[in-house]
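The values are calculated or read from the model by the stated rules, or taken from the named source; none is laboratory data. Given the structure is predicted, the values throughout are model-derived calculations rather than measurements. Cβ atoms come from the backbone with ideal geometry, glycine included; neighbour counts cover every protein chain shown. To get the accessible areas, we keep the full protein, side chains included, count just its heavy atoms, and leave off ligands, DNA and RNA. Shrake-Rupley method; radii C 1.70, N 1.55, O 1.52, S 1.80 Å.
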Amino acid sequence: MKLPISWLKEYVDIGDITPIELCEKLVNAGFEVEEIIYRGEGMSNVVVGRILDISKHPDADKLLVCRIDIGKEVLQIVTGAPNVFIGAVVPVATHNSYLPCGKHITRGRLRGVESNGMLCGGEELCVTEDIYHGASVDGILILNDNEIIGEDMVKVLGLDDYVLDISITANRPDCGSVYGMCREIAGILGNQCKELDLTYNITVDKDIKQYVNVKVYDVDLCTNYAMSVVDNVTIAQSPLWLTRRLSAVGLRGINNLVDITNYVLIELGQPMHAFDYADITDKTIIVRRANKGENITLLDDKEYSLGEQMLVIADKTKPVGLAGIMGGVKSGIKQDTKTVAFESAIFAKGSIRHTSKDLNVRSDSSARFERGLDDYTSLLALDRALHLVQQLKCGQVVKGQIKIGEYTGLREIKFDKSRIVKLLGIEVPDKDIVRILNGLGILATIEKTTLNCIIPPYRADLTRPCDLIEEIIRIYGYSHITPTLLEDCRITIGGRSSVDTDINKIKGLLVSCGYNEIVTYSFGGRLTYEKLSVDKNADLSNNIKLLNPLGEEFSLMRRTLVADMLEVIAGNQSRHNEQLSLFELAKVYLTDKLPLESLPIEQRRLCVASTCQDAFYTVKDDLLSLLARMGIDASVTSCQCEYLHPNISASLMCGDRVIGSVGLVHPTVADNYNIKSAVCVAELDVDTILSVKDDNIKYKSVPRFPAIERDFALVADIDMQSGKIIELIRKYCKHSESARVFDVYCGDQVGNNKKSIAINVVFRGEGTLTDSDIEGEIKKCLSELNRQLNVVLRV
């Protein structure tokens, strides 16, 4: 909301307070000031001058040499403007002056003749007809004869003003206007806010009902509707004081009647519309929902197809405006308009928001209706518009007003003032309480211990005692609050919970292994999750659906992190970022029954992925190392996961509990995501990891004796799990310290439906081992492998 300081001073005496000091007070009172704008920025050393003499340039037919009085001296300036004349009052950019268009003017010579500045037009000064009449002329701006010679042009153009850009919170629509902020600033400064001038005279004795009849069919969407009529109007250009104020807040002047509605919109925050009475069929205004298939062309010259839930302002034959958003082009004010009907109404903010969104039409009016307006101000706005009509002498006010709906009156809130101490923790003097509330327009009295407050109708945000207490402290000053502990509380030492500590430990371990963390949305779309299915026919019936999603691609709560991880990998590969090692630790949302009868289960998951060489073994070993650091002795078994390769995948187990799965992405699933290289992905249940972790660190000494290593090439059935083989090796080789697979081979040399598994076994004992110490263990182990698993030593 833009607030010109000059407009503010019309209603509040702010004394000699500077804009920066005023902004500090606003911030302390709970407002956010986005920007302080000086309207004369970029213009300096430009003054009013009068042309005393004009002569032709000796060496240029189209140039003129002017002698110009600027008050303190007479300057010689060469110009090529065709509209200058002796006695003309013009803007003069003197030596070392700056113009808003970016030009820097210095003295110089033009075709050998000295020129001590430049005469300026509206284009160089970056002004329009709204700032000074005649600014659009192609040539020099000719000023009024009564302008003071030598006066600064910033002052002459009315640009010697500051504008505050204030951010208004959603609960304070009453401050979304100049007068609303004036009331607020008066309360902050402890001054009075001048009353609006709402006076006007009835100059047409005919009753308004002889002009127009109003019917509201949909009172749920239009709670209040008021209308006044002005006859014998004269359409003309608005005076400069009005157009300059509109320009200061970013609006351009159109004509006096339309400018009045815009002026009231900015000053009071109440949108209004002016109808050309001649375009209202059968003298009837009807507020109703649009009919099916109905169209309207709005003031933006675009035609819109209306839905049946959209509210329109219509006559007996057609819509003449889109309620609360924009008027129709056929009912707008025209140059030959003779009678005008002013509308000031309150429309349901939800209806305006949906209509504006569905038609993609936004306006200053719709923005204000979407926040919510009060019916009290709607009547003020109508009276203010009629006052301005008579002030500008552009019409005659018809007797009477049409008012439909119930209008809000004053409300009373009473409470014991001891609640102020209880809520704020400090004692606010009674005189300050009454002063602050009265300054904000809240009539307050104190009877013994009871605070009685009469709430003005424009303060719909004040409904409870705590709202009034907040009003008191924000004006009294938060600096008065002294820090104290809550009752029955004690000082504690801050820190992370054990869960947060463990999660940070997991992340740190993965980062140390070369992985980068990613963060994705907690919701996704059907297409993303369907890609995880080989046949793209995934069952998503258990995915929780959002009631009001941002879009179809964000409509489902995720049950796995893998889908988003693969989308991230695909996106990086499309940008030629091939070598990736990523992880995400986040929540998934699970439920067994829909619709939800209780909150979903929020389960922590860890998703790890890599595209590096030998990714499966790298990721598997990194995860086993991570689990070991968490005190978990994990084992590896076969895995049946649809999105993983059937032969290159595994489940990670802790005893009989499944911790997660790891494997190469199924080729079909990789194609679904348009992933070109092999990707290993793993997903682990972090909650299970945290429940079975062992924080007791067990130390063992560095081995004192050398180890013996043996490599075994074993032939097994094609579907044999290497984990079972390693389990038997560790069982029957008593001195075995570790056993790991380092190669797998399938081919004609080992036979059909067979594979060769190369396993490295490390032996270590309490003393130095010899070959004879382990030969017996090896023979026993090979015998048991053959007997139990049909695994033989490859010859």
Next item on the list: State whether the residues of region 248-266 include one that is part of a strand (DSSP E or B), of a type outside the set (A, V, I, L, M, F, W, C), touching an Asp or Glu at 6+ places or on another chain (Cβ under 8 Å) and in contact (Cβ under 8 Å) with a residue 12 or more places away in the chain.
Entry: no
Next item on the list: List every residue pair whose Cβ atoms lie under 7 Å apart, where the two residues are 6 or more positions apart in sequence or sit on different chains, the first residue falls within region 457-468 and is free of Cβ contacts under 8 Å to residues at least 60 places away in the same chain and closer than 13 Å to L437 by Cα, and the second residue, located anywhere, is open to solvent by 30 Å² or more (accessible area, probe 1.4 Å) and part of a loop (DSSP other than H, G, I, E, B).
Entry: D467/D461
Margin query: Being outside any loop (DSSP other than H, G, I, E, B), of a type outside the set (D, E) and open to solvent by less than 30 Å² (accessible area, probe 1.4 Å) is the filter here; which residues of region 558-580 pass it?
Written below: V562, A563, M565, L566, I569, A570, G571, Q573
Next item on the list: Kindly provide the set of residues from region 726-741 that are part of a helix (DSSP H, G or I) and crowded, with 20+ Cβ neighbours inside 10 Å, ordered by number.
Entry: I726, I729
Check: With respect to the numbered conditions (1) out of contact with any Lys or Arg (no Cβ under 7 Å at 6 or more places or on another chain); (2) not in a strand (DSSP E or B), which one is the sole condition not fulfilled by N543?
Finding: (1)
Check: Restricting the search to region 754-784, which residues are among the hydrophobic types (A, V, I, L, M, F, W, C) and closer than 17 Å to G723 by Cβ?
Finding: I757, A758, I759, V761, C781
Margin query: Which of the numbered conditions does K9 fail, given that it passes all the others? Conditions: (1) open to solvent by 70 Å² or more (accessible area, probe 1.4 Å); (2) touching a strand residue (DSSP E or B) at 6+ places or on another chain (Cβ under 9 Å); (3) at negative phi.
Written below: (2)
Margin query: Filter region 327-360 down to the residues that are over 23 Å from D207 (Cα atoms), assigned to a strand (DSSP E or B) and touching a helix residue (DSSP H, G or I) at 6+ places or on another chain (Cβ under 7 Å) and list them by number.
Written below: I346, F347
Next item on the list: Taking the options D416, D432, D467, name whichever one is touching a strand residue (DSSP E or B) at 6+ places or on another chain (Cβ under 7 Å), surrounded by fewer than 19 Cβ atoms within 10 Å (Cβ to Cβ) and more than 30 Å from T261 (Cβ to Cβ).
Entry: D416
Next item on the list: Looking only at region 716-725, decide whether some residue is in contact with a helix residue (DSSP H, G or I) (Cβ under 8 Å, 6 or more places away or on another chain), assigned to a helix (DSSP H, G or I), open to solvent by 30 Å² or more (accessible area, probe 1.4 Å) and at pLDDT below 90.
Entry: yes
Next item on the list: Return the only residue of G395, G372 being buried (at least 20 other Cβ atoms within 10 Å of the Cβ) and out of contact with any Ser or Thr (no Cβ under 6 Å at 6 or more places or on another chain).
Entry: G395
Check: When you scan region 1-87 for strands (runs of 3 or more DSSP E) that lie fully inside it, which ones turn up with 1 or more residues that are under 23 Å from G158 (Cα atoms)?
Finding: 2-4, 32-38, 44-56, 64-69
Note to self: Can you tell me which of (1) touching a residue at least 60 places away in the same chain (Cβ under 8 Å); (2) not in a strand (DSSP E or B) is the one L164 doesn't meet?
What the structure shows: (2)
Checklist line | Qualifying position, being in contact (Cβ under 8 Å) with a residue 12 or more places away in the chain, of a type in the set (A, V, I, L, M, F, W, C), open to solvent by less than 50 Å² (accessible area, probe 1.4 Å) and more than 22 Å from D138 (Cα to Cα), among I70, I51 | finding: I70
Note to self: Could you check region 589-612 and list, in sequence order, the residues that are without any contact (Cβ under 8 Å) to a residue 12 or more places away in the chain and either closer than 23 Å to E567 by Cβ or among the hydrophobic types (A, V, I, L, M, F, W, C) (or both)?
What the structure shows: L599
Check: How many of the residues in region 613-627 are of a type outside the set (S, T, Y) and in contact (Cβ under 8 Å) with a residue 40 or more places away in the chain?
Finding: 8
Check: Got a sec? Which of V204, V219, V233, V214 is open to solvent by less than 40 Å² (accessible area, probe 1.4 Å), touching a residue at least 60 places away in the same chain (Cβ under 8 Å) and closer than 21 Å to Y407 by Cβ?
Finding: V214
Margin query: Looking at region 642-650, can you tell me whether even one residue there is in contact with a strand residue (DSSP E or B) (Cβ under 8 Å, 6 or more places away or on another chain), surrounded by 21 or more Cβ atoms within 10 Å (Cβ to Cβ), outside any strand (DSSP E or B) and in contact (Cβ under 8 Å) with a residue 24 or more places away in the chain?
Written below: yes
Next item on the list: List the number of the failed condition for R244; all other conditions in (1) open to solvent by 10 Å² or more (accessible area, probe 1.4 Å); (2) closer than 22 Å to D276 by Cβ hold.
Entry: (2)
Next item on the list: Return the only residue of Y179, Y162 being open to solvent by 30 Å² or more (accessible area, probe 1.4 Å) and modelled with pLDDT of 95 or more.
Entry: Y162
Next item on the list: Output the number of residues of region 674-709 satisfying the condition of being open to solvent by 10 Å² or more (accessible area, probe 1.4 Å), under 30 Å from Q613 (Cα atoms) and part of a loop (DSSP other than H, G, I, E, B).
Entry: 5
Notebook entry, point to check: Of the residues R109, R172, which is surrounded by fewer than 21 Cβ atoms within 10 Å (Cβ to Cβ), over 46 Å from the mean Cα position of the chain (by Cα) and not small (G, A, S)?
Noted result: R109
Check: Can you find a residue in region 135-147 that is free of Cβ contacts under 8 Å to residues at least 24 places away in the same chain, at positive phi and assigned to a loop (DSSP other than H, G, I, E, B)?
Finding: no
Notebook entry, point to check: For region 288-309, what are the residues that are more than 23 Å from Q335 (Cβ to Cβ), in contact with a Leu (Cβ under 7 Å, 6 or more places away or on another chain) and either of a type in the set (A, V, I, L, M, F, W, C) or open to solvent by less than 10 Å² (accessible area, probe 1.4 Å) (or both)?
Noted result: A290
Check: Does E124 satisfy the criteria of being of a type outside the set (A, V, I, L, M, F, W, C), open to solvent by 50 Å² or more (accessible area, probe 1.4 Å) and farther than 13 Å from V48 by Cβ?
Finding: no
